[in-house]
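Down below is the structure, laid out as C-alpha cells.
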Amino acid sequence: MSTVKEAAAFFRSEQGFKRLFVEMKRKYESLGRVGGAVSLQSFSKEERESIAAFFGKDVSRVFLSDFEKQLGQTRFAGVGLVELLEHYFGVPLMSNKERRQAEAEERERFFARLAEEHHWFAAVRGQRFVQTAYEADRGGLEAAVRLVGAALCRLPLSSYMRLPLFAQQVASDPHAFDLSTLPGRLLLSALQATTPGQWDVASVESVNELLQSVGLLREDILNFVTCANILAETEGGPHPVFSAASETNTALNMPLRDVLSLVRARPAHGGTVYIVENAGVFSTLLDTRAPLVSTNGQMNLATMKLLDLLASSGAKLYYSGDFDPEGLAMAERLQERYGQAVTLWRFSVEDYRAANPVVELTPERLAKLASVTSEPLRPVKEAIGRKKKAGYQEAIIGRLTGDING
C-alpha cells in the first residue's frame, strides 16, 4: 500500500478526524489552496482529543498549513494535504471557482451540441425554463429537444390536425405537447422563433394562432365565435347553417372547426358588422337584426378568423366594448389587426360619462392602461385614469341600439 493510501486509511479509521477532514475539504474548495483555518469550537470533546493527540497539544483551531506540516512529522511524511484529502474522499479536489468554471464549460458544450444538431435550439436555449430544465434533469431536456425536433420535421402540416392527435403520432402520447409540459413549451418557443410573424406566447389568442399557422389546432370545438346575420361560404358554396340562421335571426356559436372551412364571409345585409364585447349586449342588439359578432370578453381564434374574412370582404367593423383597461386593450388589438377596416364605436369621453362609471378599478388594473397607446383611445384612457372607475357598455345600450336603427 502506498504511503498516501495508508494515511487515508488511517484517518478514515479514526472517527475523531471525520469532521475535521470535511471542514478542511470545504476550506480548500472555498480558497482554492491550502490555507485558512478550521475552528474547533463546535467539535465534540472526543474529536478535540483526537486532534490534540495528532498535534501533541490542545488547539482551538487547525490551520490547514499546520496540519500539512504536522503530517510531515509522522510516518506519513511526504504526503501533501491535497493528496491526502483526495484519497480520503476518493474524488479529485477542486476549488469552488474551478468547479463553477468546469460546470459552465460542460453546460456550454451541452447546449452547443444540441444547437448543432437542432438549429432552432440556438434561439431558445437562453430562456429561463430551458436553463431550469438543464439544472433539474439534463437528460430529460435532451429527450424533449429531440422530440420537438421530430415534431418540427413534420411541420407545417398540409391539413389541420388537432394537437393531441399530432402528439400521439409523434410521441405515442396525446399529452406530450400539452403546453404545461417541457416538450410543449419547447415546441411553442421553437415555433415562435422559426415561424414568420410577431407571436406573444403570453397571449392565449396569439398562441392558438401560432399553432394554427403550422396546421395545429389546440381546441376547435370549445373555441367558437358568437355571431348573427352573417353569410359565409366554403369551397362548395354557401354555408347552409349561416344562411338558415340569418333567415331566422338566430344566434350562432360556430366552432373553430367549422370557421376554418370558410373561404368567405360577409354581412347578411348592409356593409357593417357590429362587434360587441359582452354576450348580454349581443343578445339585446339581436332584436335589431343587425350583423353581429360577440367577443364574449376575449378575442379567441375562431372570432379572429371570422373577422379576418369579414374584413377581407370589405365589411366595416364597428367595435364597442367596456370602459375599462381590458376593454380598451381589446379595442387597440382590433385596431392593430384590422387598421382602417375597424371603427371605434362609442368610445368617447362623453360615452364613458354616460355609462355612469361607479366600479372602482384596482391599482393593478389601472396600471394596464399604460400599455394602451392608441391615439384615438387616449382621451377616454385619460378619463378612466383620472376617475379610476370602470363603465360598462350595458349602460349605453340605448345609444348602441339607436346607432344601428339610425
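Here the relative contact order of the stretch 282-344, from alpha carbon pairs under 8 Å that lie six or more residues apart, stands at 29 percent. The Kirkwood radius of the stretch 132-205, taken over pairs of alpha-carbon atoms, gives through the Stokes-Einstein law at 37 °C and 0.692 mPa s a diffusion coefficient of 253 µm² s⁻¹.
Take every DSSP beta bridge whose two residues both sit in the chain; close to 60 percent of them are antiparallel. Between T234 and H239, V263, the built amide H atoms are under 5 Å apart, and every one of these is 5 or more places off in sequence or on another chain. Seen from V145, the other residues with C-beta closer than 11 Å to its C-beta sum to a net charge of +2, counting Lys and Arg as +1 and Asp and Glu as -1.
Modelled label positions at K97 and R337, each set 7 Å beyond Cα in the direction of Cβ, lie 5.6 nm from each other. Mean separation of Cα pairs under 8 Å and 6 or more residues apart, divided by the residue count, gives the stretch 117-198 a relative contact order of 31 percent.
Modelled this way, with points 7 Å down the Cα-to-C-beta line, the labels at E142 and L165 are 3.5 nm from one another. First check a/c for the stretch 198-298, with a ≥ b ≥ c the square roots of the eigenvalues of its C-alpha gyration tensor; if it is under 1.5, answer rounded, and if not, answer prolate when a/b is larger than b/c or oblate otherwise. It comes out oblate by the Cα gyration axes.
Placing one identical point scatterer on every Cα of the stretch 1-119 and ignoring solvent, what is log10 I(q)/I(0) from the Debye formula at q = 0.16, 0.19 Å⁻¹? Taking Cα atoms of the stretch 1-119 as identical point scatterers yields -0.76, -1.01. Cross-link partners for K316 among the lysines, with Cα-Cα distance under 20 Å and sequence neighbours closer than 8 places in the same chain left out: K305. Per the Debye calculation on the stretch 137-271 with a single equal scatterer at every Cα and no solvent contribution, log₁₀ I(q)/I(0) for q = 0.19 Å⁻¹ amounts to -1.05. Would any residue of the stretch 289-331 have its amide N under 17 Å from a label point 7 Å out along Cα→Cβ of V358? List them or say none. Answer for the stretch 289-331: 323. The mean sequence separation of alpha-carbon pairs under 8 Å and at least six residues apart, normalised by the residue count of the stretch 161-254, gives a relative contact order of 20 percent. The Cα atoms of the chain define a convex hull whose projected area, averaged across directions, is 30.7 nm². Cα centroids of the stretch 1-52 and the stretch 278-311: 76 Å apart.
Here the stretch 67-99 and the stretch 132-188 have alpha carbon centers that stand 49 Å from each other. Only Cα sites of the stretch 270-406 enter the Debye sum here, all with the same form factor; the resulting log10 I(q)/I(0) across q = 0.13 1/Å is -0.51, listed in q order. Using a cut-off of 15 Å between beta-carbons, work out the net charge of the residues near N405 (Lys and Arg +1, Asp and Glu -1, N405 not included). Here the charged neighbours net out to +1. Peptides 282-288, 23-29, ordered by how many other C-beta atoms sit within 10 Å of their residues on average, highest first, read 23-29, 282-288.
Heavy-atom surface analysis with a 1.4 Å probe gives the stretch 1-114 a carbon and sulfur content of 47 percent of its accessible area. Within straight-line reach of K368, meaning a Cα separation under 16 Å, sit the following lysines at least 8 residues removed in sequence or on another chain: K381, K387, K388, K389. For a straight C-alpha distance cut-off of 12 angstrom, the aspartates and glutamates reachable from K25 (same-chain residues fewer than eight places away being disregarded) are E83, E86. What net charge do the residues around Q198 carry, taking every other residue with its C-beta under 15 Å from that of Q198, with Lys and Arg at +1 and Asp and Glu at -1? That sum, taken over residues with Cβ under 15 Å, equals -3.
Placing dummy labels 7 Å off each Cα toward the beta-carbon, the span from R61 to F129 is 4.9 nm. For the chain, the per residue solvent-accessible surface stands at 50 Å², with DNA, RNA and ligands left out and a 1.4 Å probe. The HN-Hα couplings worked out from phi for the stretch 258-266 by the Karplus form 6.51 cos²θ - 1.76 cosθ + 1.60 (θ = phi - 60°) are 7, 4, 5, 7, 7, 10, 8, 7, 7 Hz, whole numbers, x standing for Gly and Pro. With a threshold of 32 Å on the Cα-Cα distance, the over-threshold entries among K18/K97; K57/K97; K45/K97 are K57/K97; K45/K97. The length gained by stretching the chain between L31 and T250 to full extension, at 0.36 nm per residue less their Cα-Cα distance, is 71.0 nm.
The values are calculated or read from the model by the stated rules, or taken from the named source; none is laboratory data. Here the structure is a predicted model, which means the values were calculated and not measured. Every residue, glycine as well, gets a Cβ built from its backbone with ideal geometry; the counts of neighbours run over all protein chains shown. Accessible surface is based on the protein model in full, side chains and every heavy atom, while ligands, DNA and RNA are left aside. Shrake-Rupley method; radii C 1.70, N 1.55, O 1.52, S 1.80 Å.
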